[in-house]
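*Asks:* This is the structure I have questions about; it appears just below.
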Amino acid sequence: MTLEASRRWLNWPLGLLLALCVARFWLLPLNTSFWVDETVTAFVVRQGGDAPSLAIAPQVPQSIYYALPAAVQSEAGFSEAGYRLPSVLAMSVALFFCARIGMRLIHPDCGWLIVLSSFLLRGFSDAATDARPYAFGLCVASLSVWALIRWLDRAGWVDGALFLLSAALLWRTHLVYWPFYLVFASYTAARLWRRDTPVNWKAASGLFVLLGLLLVPVAWNALSLAREASAHVIQPPPGFRQLQYALKFGLLLGTLPAAWILSRMLRHTPSTLCMTSGVLLLGWWFVHPVTLFAYSVETGNSVFLPRYLSLAWPGILLGTAFLLARYLPASFWRPLAVLAGVWALAQSAGLPLDAPAHRSDWRGAAQAIAALHDPDVPVICPSPFVEARAPEWRPDYVLPGFLYAHLAAYPLAGRPLLLPYAPSEEGLRYARGLSSTRLPAAGRFVIYGGDRNVEFWQRWFSQRPELQGWTARQLGAFGDVKAVLFERSNKPVSPASGHISENLPPA
């Protein structure tokens with residue numbers, strides 16, 4: 001069979017594998033419960049970015065992305081699947097442009113490998129089922145890179161305008177995307193230095209100056225918000241182990257040695273890699289995470305979260321394929337893509353078909369509370385957001401509000417009693433009052449929230465002398481969300497002894 005015949009024959013299994021992966025990883029989980037940040041998306045869309053409660057976290061509504069789920073809701077109403085539909089479409093576009101970039105810079109047959117291997121990087125693939133800005137950011141970034149390549153190839157004004165527009169939108173998609181502009185600049189400089197483009201320095205400088213002017217309002221806004229960044233930090237600065245994990249060398253280490261051995265067995269002459277392509281693709285892989293790592297370590301305000309590093313995910317795939325291209329014979333690109341698709345599906349074989357990317361079932365927990373059929377049952381609700389601290393937090397915090405966005409997405413069939421994110425003197429004082437008055441009078445109550453918060457408050461209330469003899473049981477399994485029902489027991493008990501811990505356990 002000739003190489004061309006083999007390529008045509010493999011189109012069918014490749015197309016089938018893509019359809020199966022899209023159905024398995026993107027479509028089946030669409031209607032699962034929101035995770036906590038997705039409830040924020042629903043809150044911003046429903047209440048508006050100018051909602052008073054968002055003043056405590058002004059960075060939250062700073063994204064053009066929210067217009068997309070808002071448009072879906074205006075046409076089809078509220079649903080998890082509807083809110084996630086823009087992310088599915090955005091990821092489809094992102095993968096299309098990533099494939100085109102690979103075919104242009106690496107090998108004409110590597111597009112299928114880029115697309116199907118994306119399902120091996122669950123963070124990358126999972127962005128399609130996340131009602132957050134990350135899939136849209138990947139779409140805008142990949143479009144920007146594709147437009148920049150075409151502009152540097154042809155010097156056409158349409159390509160330049162498309163790059164200018166898409167690159168201007170990228171930082172407006174998420175304020176943490178600023179390091180990616182270094183990728184644009186370094187690739188352009190490399191092409192100009194190598195004289196590998198009809199674009200001259202004057203035209204390139206003019207385009208980037210214009211881009212800079214378009215980004216001035218965003219930069220000004222980002223700098224003003226950076227002064228309050230420490231109030232929104234949810235984890236300590238990363239170490240080098242976290243950086244190593246974020247760069248995900250596993251795909252490269254698992255394939256490059258095999259490609260080298262194969263080339264030696266087949267006596268394949270190694271290909272010469274293009275320096276400017278390496279600047280772009282390896283820069284796409286490393287620049288964004290390394291810059292955010294350095295920023296987090298230097299300032300102490302860690303933004304080194306997997307979802308914030310999402311722009312690097314295409315770079316991991318493209319950079320790996322770029323290095324493989326030195327040793328991989330041309331006839332192996334599509335068979336390797338088949339292997340990637342089969343491997344991705346095999347990895348998920350033991351999971352439920354509609355298993356979500358996250359582990360949060362806020363909807364299921366709220367439904368379990370509703371199944372108690374007691375609209376007056378007190379429900380202790382610690383906030384899942386680090387901003388929930390005094391003085392912004394208070395027991396009479398007005399709902400709906402950002403600090404309890406999950407209660408707006410999935411309303412409770414009970415009486416919510418609000419606690420802060422972490423134990424504080426104000427929160428503990430309020431909890432002591434509840435344990436001596438309202439909770440004993442009710443005869444039962446629920447603690448509902450993230451698992452660590454619920455576990456702390458479950459121990460704390462269990463040790464209160466006013467609640468000795470009460471039983472506690474979970475209302476079900478909801479991933480990293482818990483709903484624990486306390487009920488008065490008629491069995492005699494011994495008085496509690498020992499110290500009541502009022503410190504949140506370490507993560």
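*Asks:* Would a scan of segment 357-371 turn up a residue that is outside any helix (DSSP H, G or I), in contact with a helix residue (DSSP H, G or I) (Cβ under 9 Å, 6 or more places away or on another chain) and hydrophobic (A, V, I, L, M, F, W, C)?
*Replies:* Yes, segment 357-371 contains at least one residue that is outside any helix (DSSP H, G or I), in contact with a helix residue (DSSP H, G or I) (Cβ under 9 Å, 6 or more places away or on another chain) and hydrophobic (A, V, I, L, M, F, W, C).
*Asks:* Please specify each residue of segment 189-224 satisfying the condition of being crowded, with 16+ Cβ neighbours inside 10 Å and modelled with pLDDT under 95.
*Replies:* Answer for segment 189-224, where residues must be crowded, with 16+ Cβ neighbours inside 10 Å and modelled with pLDDT under 95: Asn221, Ala222.
*Asks:* Can we say Val342 is more than 25 Å from Ile149 (Cα to Cα), among the aliphatic types (A, V, I, L, M) and not in a helix (DSSP H, G or I)?
*Replies:* Considered against the rule, which asks whether it is more than 25 Å from Ile149 (Cα to Cα), among the aliphatic types (A, V, I, L, M) and not in a helix (DSSP H, G or I), Val342 comes out as no.
Listed here are the residues, each with its yes/no results for (1) closer than 30 Å to Thr41 by Cα; (2) part of a helix (DSSP H, G or I).
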{"residue": "Trp171", "(1), (2)": "yes, yes"}
{"residue": "Val176", "(1), (2)": "yes, yes"}
{"residue": "Pro179", "(1), (2)": "yes, yes"}
{"residue": "Ala185", "(1), (2)": "no, yes"}
{"residue": "Ala190", "(1), (2)": "no, yes"}
{"residue": "Arg195", "(1), (2)": "no, no"}
{"residue": "Pro198", "(1), (2)": "no, no"}
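*Asks:* Before we move on, is Ala330 assigned by TED's automatic domain parsing to the domain that holds Leu256 and over 22 Å from Ala128 (Cα atoms)?
*Replies:* Against the criterion (assigned by TED's automatic domain parsing to the domain that holds Leu256 and over 22 Å from Ala128 (Cα atoms)), Ala330 qualifies.
*Asks:* Residues of segment 453-504 being outside any helix (DSSP H, G or I), more than 18 Å from Gly443 (Cβ to Cβ) and at pLDDT 70 or above, which ones?
*Replies:* Taking segment 453-504 first, the residues outside any helix (DSSP H, G or I) are 463-464, 468-504.
From what is left, the residues that are more than 18 Å from Gly443 (Cβ to Cβ) are 463, 474, 476-482, 494-504.
Matches in segment 453-504: Gln463, Gln474, Gly476, Ala477, Phe478, Gly479, Asp480, Val481, Lys482.
*Asks:* With the structure loaded, tell me whether Ala422 is closer than 14 Å to Pro382 by Cα, assigned to a loop (DSSP other than H, G, I, E, B), hydrophobic (A, V, I, L, M, F, W, C) and touching a residue at least 12 places away in the same chain (Cβ under 8 Å) or whether it fails that test.
*Replies:* The answer is yes for Ala422.
*Asks:* So Phe119 fits all but one of (1) aromatic (Phe, Trp, Tyr); (2) outside the structural domain of Pro270 (by TED's automatic domain parsing); (3) crowded, with 19+ Cβ neighbours inside 10 Å; what number is the exception?
*Replies:* (2)
Here's the yes/no breakdown for (1) touching a residue at least 24 places away in the same chain (Cβ under 8 Å); (2) farther than 29 Å from Trp26 by Cα; (3) not assigned by TED's automatic domain parsing to the domain that holds Ala127:
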position: Ala321; (1), (2), (3): yes, no, no
position: Val338; (1), (2), (3): yes, no, no
position: Pro384; (1), (2), (3): yes, no, yes
position: Arg389; (1), (2), (3): yes, yes, yes
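*Asks:* Here is a further query. Looking at this structure, is Val386 at pLDDT below 95 and either closer than 30 Å to Glu228 by Cα or assigned to a helix (DSSP H, G or I) (or both)?
*Replies:* For Val386, the condition - at pLDDT below 95 and either closer than 30 Å to Glu228 by Cα or assigned to a helix (DSSP H, G or I) (or both) - is met.
*Asks:* Going through segment 135-162 one residue at a time, which ones are in contact with a helix residue (DSSP H, G or I) (Cβ under 6 Å, 6 or more places away or on another chain), over 17 Å from Phe96 (Cβ atoms) and among the aromatic types (Phe, Trp, Tyr)?
*Replies:* Answer for segment 135-162, where residues must be in contact with a helix residue (DSSP H, G or I) (Cβ under 6 Å, 6 or more places away or on another chain), over 17 Å from Phe96 (Cβ atoms) and among the aromatic types (Phe, Trp, Tyr): just Trp151.
*Asks:* Additional query: Does at least one position in segment 118-125 carry a residue that is more than 30 Å from Cys274 (Cα to Cα) and at pLDDT 95 or above?
*Replies:* No.
The values are calculated or read from the model by the stated rules, or taken from the named source; none is laboratory data. Since this is a predicted model, take the numbers as computed values, not measurements. Methodologically, a virtual Cβ is constructed for each residue, glycine included, from the backbone with ideal geometry; neighbour enumeration extends over all protein chains shown.
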